[in-house]
Amino acid sequence: MQLSPGSFLSRYDWIIVGAGYTGAVLAERIASQLDRKVLIVDRRDHIAGNAHDRPGAHGILVHKYGPHIFHTNSDKVWTYLSQFTGWRPYEHRVLGSIDGRLVPIPFNLDSLEALFAPAEAASLAGLLVDTYGLEKNVPILKMRESGGRLKDLADFIYAKVFENYTLKQWSLRPEELDASVSARVPVRISRDGRYFQDVHQAMPDAGYTKMFERILDHPNIAIATGTDYKSVAGQADRIVFTGPIDEFFDYQFGPLPYRSLRFEVFEKDVAEAQPVGTVNYPNDHAYTRITEFKHLTGQQAPGTVLVEEYPQAHAPGANEPYYPIPTPGTAELLKPYQAAARSLEGKVWFAGRLGDYAYYNMDQACARALALFEKQIAHAR
Ligand code: FAD
Ligand code: UDP
């Protein structure tokens, strides 16, 4: 039930702050499994958090906060979400614009052949297979620890694919971030041209927002969008907070850094503007990548809608904190906030990409919410 702003008639058992994956899944679990009354608030004017989509030109579903592709190895997450949506199978493909050519990203044996003369490519491919084994995935920072020709190749891939993209995206070099960040896009010793290799790869068949509408469609759940947590604090004794953890504590241990983005959505009067869902531009332009939505949604139309992503510094109040920044330094800054969160145990639960300050994909946010429910919230007295 969507409430009109300000119409909070009664106290609730739970307030959930944030109607993204984390908040919506927890609201659904608490409402359906514990039979408790939940008020879920989001200060944006819509549900679905950063996964929110809505029809744009030609009815093409546009992801308001950048392209979201669902992929998971978790049968549990897949089964859970499948209660609320059907799926359209979709395997995301990305090409990188490198030296005037479009080559597969993650960098693989086909990328090698596209950028090197045939004899050199064959010899380097042999070296990669002999060293790591066919079908293996090798993080670029790991590959750069090698020596000889392999190190030269690693340096080449680092320079062409990772260095400038990462500087644009994070204003940091790959080695300044947790190794897990660049390892998301490993060098593939194979010809697998898919961006992800998860067991389940698909898009919700009617879009993410529709899936969230169904997750939240329960008589025990009241939804208040356009509503900040501050205006409802005190309406329940138990709170799940999925906004920025440093904001909850009024930045008392200093602000945590986030990276933001500006999205430039544009239309083109052609049926298809690029050969795959996303083209990455590691070395050219101020944007990192361009995504054409109809590849993701499978929609047919005479025109097309695309989005460019321009990374930018985050300034609270001025733009959105899209990415926590995983570095050893931020892990330290987070610790006092985690201790403060523990001191509220039993009253306030923190979770999600912003509540945990963790670089979660959608399935990880969902898995975290399910685990928090099972391990703690289901037993809360
Ligand atoms: P969010 O979706 O951020 O939801 C938190 C909500 O809390 C927000 O709606 C916010 O408005 C609200 N909120 C915060 N503070 C308050 C407050 N004080 N009062 C009221 N409301 C508040 N994942 C994938 O799996 N695949 C992808 O392809 C993918 N692409 C992405 C692309 C981009 C550009 C970005 C930024 C992320 C992408 N993700 C992707 C990650 C995905 O967006 C997250 O994993 C997921 O949205 C996390 O859900 P969440 O509920 O934790 O957080
Ligand atoms: N990355 C890169 N070049 C690419 C693609 C990715 O350097 O062509 C690095 C970059 O640091 C990026 C990280 O790998 O932030 C993770 O990429 P991913 O596409 O998973 O990022 P997201 O979709 O979360 O923005």
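The values are calculated or read from the model by the stated rules, or taken from the named source; none is laboratory data. Computed from a predicted structure; not experimentally measured. When we count neighbours, we look across all protein chains shown, and the Cβ atoms used for this are built from the backbone with ideal geometry, even at glycine. Heads up: the accessible areas ignore ligands, DNA and RNA and are worked out on the full protein's heavy atoms, side chains in. Shrake-Rupley method; radii C 1.70, N 1.55, O 1.52, S 1.80 Å.
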Subject >> Test: residue in the range 323-330 that is within 15 Å of the chain's Cα centre (by Cα) and over 20 Å from residue 69 (Cα atoms) >> reply: yes
**OP:** Can you confirm whether the range 180-187 contains a residue that is at pLDDT 95 or above, within 22 Å of residue 312 (Cβ to Cβ) and away from ligand 1 (no atom under 16 Å from the Cβ)?
**Re:** yes
Subject >> Residue in the range 199-211 that is nearest to residue 293 (Cα to Cα), counting only those that are among the aliphatic types (A, V, I, L, M) and either open to solvent by 20 Å² or more (accessible area, probe 1.4 Å) or more than 16 Å from ligand 1 (Cβ to nearest atom) (or both) >> reply: 206
**OP:** Answer yes if at least one residue in the range 206-228 is touching a Phe, Trp or Tyr at 6+ places or on another chain (Cβ under 8 Å), modelled with pLDDT under 95, more than 26 Å from residue 69 (Cα to Cα) and not charged (D, E, K, R), and no otherwise.
**Re:** no
**OP:** Would you mind stating whether residue 173 is modelled with pLDDT of 95 or more, open to solvent by 10 Å² or more (accessible area, probe 1.4 Å) and within 14 Å of ligand 1 (Cβ to nearest atom)?
**Re:** no
Subject >> In the range 147-181, the residues that are over 26 Å from residue 262 (Cβ atoms) and within 20 Å of the chain's Cα centre (by Cα) >> reply: 179
Subject >> Candidates 241, 248, 196 - the one that is within 15 Å of ligand 1 (Cβ to nearest atom), within 30 Å of residue 38 (Cβ to Cβ), at pLDDT 95 or above and open to solvent by less than 40 Å² (accessible area, probe 1.4 Å) >> reply: 241
Subject >> The listed residue being modelled with pLDDT of 95 or more, over 14 Å from residue 245 (Cβ atoms) and either more than 14 Å from ligand 2 (Cβ to nearest atom) or open to solvent by less than 40 Å² (accessible area, probe 1.4 Å) (or both), out of 378, 351, 339 >> reply: 378
Original post:
Within the range 25-42, can you find the residues that are open to solvent by less than 10 Å² (accessible area, probe 1.4 Å) and near ligand 1 (Cβ under 6 Å from one of its atoms)?
Top reply: 41
Original post:
For residue 22, which of the numbered conditions (1) more than 11 Å from ligand 1 (Cβ to nearest atom); (2) within 24 Å of residue 227 (Cα to Cα) fails to hold?
Top reply: (1)
Original post:
With 146, 180 as the choices, which residue is polar (S, T, N, Q), within 10 Å of ligand 2 (Cβ to nearest atom) and surrounded by fewer than 19 Cβ atoms within 10 Å (Cβ to Cβ)?
Top reply: 180
**OP:** Could you grab the pairs with beta carbons closer than 8 Å, sequence gap of 6+ or different chains, first residue in the range 115-130 and modelled with pLDDT of 95 or more and in a helix (DSSP H, G or I), second one surrounded by 13 or more Cβ atoms within 10 Å (Cβ to Cβ) and aromatic (Phe, Trp, Tyr)?
**Re:** 124/116
**OP:** Would you tally the residues in the range 307-336 being within 12 Å of ligand 1 (Cβ to nearest atom), over 30 Å from residue 374 (Cβ atoms) and open to solvent by less than 50 Å² (accessible area, probe 1.4 Å)?
**Re:** 7
**OP:** For the range 10-19, name all the residues that are near ligand 1 (Cβ under 8 Å from one of its atoms) and among the β-branched types (Val, Ile, Thr).
**Re:** 17
Original post:
Taking the stated definitions as given, is residue 300 more than 13 Å from ligand 2 (Cβ to nearest atom), in a loop (DSSP other than H, G, I, E, B), of a type outside the set (Asp, Glu) and surrounded by fewer than 22 Cβ atoms within 10 Å (Cβ to Cβ)?
Top reply: yes
**OP:** Please determine, by comparing only the residues of the range 49-102 that are within 10 Å of ligand 1 (Cβ to nearest atom) and hydroxyl-bearing (Ser, Thr, Tyr), which one is most open to solvent (accessible area, probe 1.4 Å).
**Re:** 65
Subject >> Among the candidates 141, 167, 134, residue that is touching a residue at least 40 places away in the same chain (Cβ under 8 Å), more than 16 Å from ligand 1 (Cβ to nearest atom), in a helix (DSSP H, G or I) and not aromatic (Phe, Trp, Tyr) >> reply: 141
Original post:
Considering only residues of the range 149-166 that are among the hydrophobic types (A, V, I, L, M, F, W, C) and within 9 Å of ligand 2 (Cβ to nearest atom), which is surrounded by the fewest Cβ atoms within 10 Å (Cβ to Cβ)?
Top reply: 162
